[in-house]
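Novice: Just passing along the structure, written as structure tokens.
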Amino acid sequence: MGTGKEWQISCRDIASRRRDMSVFVSQGHVVVTVPPGEAAVLTPLEVGRLRAALRDAVVNASGMPEN
């Protein structure tokens, strides 16, 4: 896996069953696995874009005004 660090994030699948999402680093890339085992490999720049998209989604979902 590279650095040996792995993060588990609890989530639910489309059928509302409890699942886990995993994030780890491999060869300088961030790998995300989500139910049912689909994976995405991202460069550091793409991770920044994902982070921005997740932040925007959270702000939108919570009804908080953006800065």
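Novice: Specify which residue in the list 59, 26, 10 is farthest towards the positive end of the charge dipole of the chain, using unit charges on the beta carbon of Lys, Arg (+1) and Asp, Glu (-1), about the Cα centre.
Specialist: Value computed over the given set: 10.
Novice: Can you work out the Karplus-derived ³J(HN,Hα) for every residue in region 35-46? Use 6.51 cos²θ - 1.76 cosθ + 1.60 with θ = phi - 60°, whole Hz, and x for glycine or proline.
Specialist: Couplings: x, x, x, 5, 9, 10, 10, 10, 6, x, 5, 5 Hz.
Novice: So, one more: Could you please put 13, 20 in sequence from largest to smallest accessible area, using a 1.4 Å probe?
Specialist: Values: 13 30, 20 85 Å².
The most accessible residue leads, giving 20, 13.
Novice: Moving on to the next point. Give the average over all directions of the projected area of the C-alpha convex hull of the chain, one decimal, in nm².
Specialist: About 5.6 nm², averaged over all directions.
The values are calculated or read from the model by the stated rules, or taken from the named source; none is laboratory data. Quantities reported herein were computed from a predicted structural model and do not represent experimental measurements. Cβ atoms come from the backbone with ideal geometry, glycine included; neighbour counts cover every protein chain shown. Surface areas here come from the heavy atoms of the whole protein model, side chains and all, with no ligands, DNA or RNA. Shrake-Rupley method; radii C 1.70, N 1.55, O 1.52, S 1.80 Å.
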